[in-house]
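> The structure's right below; bear with me while I get my questions together.
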Amino acid sequence: MSKHIDVELKNIQKKFGSNVVVDDFSIQIEKGECISFLGPSGCGKTTTLNMIAGFLEPDQGELFIKGKRMNGVPSNKRELGMVFQTYSLFPHMTIFENVAYGLKLRKVPKTEIASRVSKVLELVKLPHVADRYPKQLSGGQRQRIAIARALVTEPSLLLLDEPLSNLDAKLREELRDEMKRLQQEIGVTTIFVTHDQEEALYMSSRIVVLDHGKVEQIGTPWDIYNRPASEFVHTFIGKSNKMPGVVEQAVGNKLSLRTDEGLTLIAESKSSQVKAGDNVSIYVRPEKIAIYSDNRGTLDTNRVMGTVKLTSFLGAYTECEVRVGRYAMTVRIQSGHQEAAFAQGQTVYLEWKPEDVFVFPGKGHGQ
């Protein structure tokens, strides 16, 4: 194994009874990476994290940390730091005592404990709370202390299990920024479990998308969003407009499509998954659609007329729901870049480029 690989999973499987929760999971995680396990509830992401942590044993496969086989090795021998959804701070201990707890268990000298706790509290920007108790801190402060407690032992691997899920939206955003800064500053290899797509895209060098215990795709945030390996990945990451249809013609990477509403569309195929005659699901993301109040678009293909049903101003952008036949299509307009004052009932014209069309085989995810 390369000296730059911090964690490796080889064909990991975990069952609970007859239910396969994690199935044939393999990955290599390089030193300093921040990897997210992303997927819906029950997809196996937390179970996988718990196997890496040593709280569960895999039924099949091998697990390596820093080149050492960890199957059967107890959690306290794996040099891990872990942060949970709940803060898990001891209410009867001061913040200093909470952060120092792991060092005391390791019998680190008192002077070194004081120095390391002070340093890590500075790192999370809370040096002034050392003498307080958890109940005297806000939720965001308590979660930062939980992170400090995980970091103070200088772990070789940091495991984060949905650490932001109990916080309000603004606090989540602030702490997400802080966690990314810390991870990059310290350079500790990090595995981050979340069901929040935006958090995964923001935090990660790579994302593992899981569904029903299987790995759907492993890739950079850009690849996951722009080159999804499956319809599940595409629909789980971000918002998209869907139109069922059929492939009328496939020549090279060009697809001629007909929707079940009779619209003729052109796509530049990103794979060889489909051929002429196949039933397909056709997708276009809201931010890739241009909207006009008159028929002045610039494209020869992928142009449709519709009626505005709803507009929602969301600060950085406005979302318009446009009825095209029986399709309700969402269009996202960046503030200041296009006219956004479309009125309910107004006739509008939409267009999008062939390269922005995603085509997947079959009747489609969720049907």
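> Name the one entry in Thr189, Thr153 that is surrounded by fewer than 21 Cβ atoms within 10 Å (Cβ to Cβ), within 27 Å of Lys125 (Cβ to Cβ) and out of contact with any Phe, Trp or Tyr (no Cβ under 6 Å at 6 or more places or on another chain).
Details: Thr189 fails: surrounded by fewer than 21 Cβ atoms within 10 Å (Cβ to Cβ).
On inspection, the qualifying residue turns out to be Thr153.
> While we're here: Six or more apart or on different chains, Cβ under 8 Å: which pairs go from a residue in region 166-181 that's over 18 Å from Gln197 (Cβ atoms) and assigned by TED's automatic domain parsing to the domain that holds Glu199 to one that's assigned to a helix (DSSP H, G or I) and of a type in the set (A, V, I, L, M, F, W, C)? Could you list them?
Going by the 8 Å Cβ cut-off, there are no qualifying pairs.
> Considering only residues that are of a type in the set (S, T, N, Q) and outside any strand (DSSP E or B), which ones fall in region 282-335? Quick ask: steps written out before the conclusion?
So in region 282-335, the residues of a type in the set (S, T, N, Q) come out as 293, 295, 298, 301-302, 307, 311-312, 318, 330, 334-335.
Of everything in region 282-335, those that are of a type in the set (S, T, N, Q) and outside any strand (DSSP E or B) turn out to be Ser293, Asn295, Thr298, Thr301, Asn302, Ser335.
> Tell me which of these Lys104 doesn't satisfy, since it passes every other one: (1) among the charged types (D, E, K, R); (2) at pLDDT 90 or above; (3) closer than 28 Å to Gly32 by Cβ.
The single condition Lys104 does not satisfy is (3).
> Which pairs have Cβ atoms under 6 Å, sit 6 or more apart or on different chains, and link a residue in region 246-262 that is in a strand (DSSP E or B) to one that is of a type in the set (A, V, I, L, M) and exposed (fewer than 14 other Cβ atoms within 10 Å of the Cβ)?
Val247/Ala276; Gln249/Ala276; Ala250/Ala276
> Any idea how many residues of region 201-217 are among the aliphatic types (A, V, I, L, M) and either over 11 Å from the mean Cα position of the chain (by Cα) or in a loop (DSSP other than H, G, I, E, B) (or both)? Talk me through it step by step, then tell me what you get.
First, pick out the residues of region 201-217 that are among the aliphatic types (A, V, I, L, M): 201, 203, 207-210, 215.
From the residues that got through so far, the ones that are either over 11 Å from the mean Cα position of the chain (by Cα) or in a loop (DSSP other than H, G, I, E, B) (or both) too are 215.
Qualifying residue count, region 201-217: 1.
> Could you please let me know if Gln85 is farther than 17 Å from Pro155 by Cβ and at pLDDT 95 or above? Explain how you work it out, then say what you get.
On the way: farther than 17 Å from Pro155 by Cβ: yes; at pLDDT 95 or above: no.
Answer is no for this residue.
> Determine which member of the set Val124, Val83 is touching a residue at least 24 places away in the same chain (Cβ under 8 Å) and more than 25 Å from Phe55 (Cα to Cα).
Values: Val83 fails: more than 25 Å from Phe55 (Cα to Cα).
Result: Val124 is the single residue among Val124, Val83 that is touching a residue at least 24 places away in the same chain (Cβ under 8 Å) and more than 25 Å from Phe55 (Cα to Cα).
> Oh, and also: Checking Asn71 against (1) surrounded by 14 or more Cβ atoms within 10 Å (Cβ to Cβ); (2) outside any helix (DSSP H, G or I); (3) among the polar types (S, T, N, Q): exactly one of these is not met. Which one?
(1)
The values are calculated or read from the model by the stated rules, or taken from the named source; none is laboratory data. Everything quoted here is computed from the prediction, not taken from an experiment. FYI the Cβ positions are ideal-geometry reconstructions off the backbone, even for glycines, and counts take in every protein chain you see.
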